[in-house]
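Student: Submitted below is the structure of interest, expressed as structure tokens.
Nothing in this text is a laboratory measurement; each read-out follows from the coordinates by a stated rule. Keep in mind the model is a prediction, meaning the values are calculated, not measured.
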Amino acid sequence: MKNLANKFLNYMEYYGRIKSRQILLNLSDRQLEDAGISKELLLKGTSEWPWRVEDQPMAPLSDLQLSQLNDIVPVSIADDEYQQAVSDLEQMSDRELLDMGISRGEIRHAVKHGIEMEDRAA
């Protein structure tokens, strides 16, 4: 049960890196430099995460910069990523899904909107 939950968490972490990379690729070179992100590493993909310039610490983002990031975050995930995530979850047994706090009927909603872990603790 823990192994399955860990696999799901690893999958979600990997998915988060993919989405983060997509968002960062929309930033200007100057914004990336200010944040301590290497454009070269970013272009190489998720395997180079966290894409940081080694000798430069990441600068904290101001409230204004955070609100600007919120403006460029895509509202929905790409269709192919959505379908892949749904397919992966649909291949799991009902027991495996329930171990993650998802019922079979909630798969599409969970992929699109995520799940609230604190609401699932019981």
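Student: For Ser47 and Gln91, calculate 0.36 nm times their separation in residues minus their Cα-Cα distance, and state this gained length in nm to one decimal.
Tutor: Details: separation 44, 0.36 × 44 = 15.84 nm, distance 2.61 nm.
Net length gain for the segment: 13.2 nm.
Student: Something else now. Check the straight Cα-Cα distances from Lys7 and name the lysines below 25 Å, setting aside those fewer than 8 residues away within the same chain.
Tutor: Straight-line reach from Lys7, under 25 Å: Lys19, Lys44, Lys112.
Student: Separate question: Which residues' amide hydrogens lie under 5 Å from the amide hydrogen of Gly36, considering only partners 5 or more residues apart or on another chain, with H built in the peptide plane?
Tutor: Ala59
Student: Using 0.36 nm per residue, how much length does the chain from Lys19 to Ser103 gain when fully extended, once their Cα-Cα distance is taken away?
Tutor: Details: separation 84, 0.36 × 84 = 30.24 nm, distance 2.47 nm.
Value of the extension gain: 27.8 nm.
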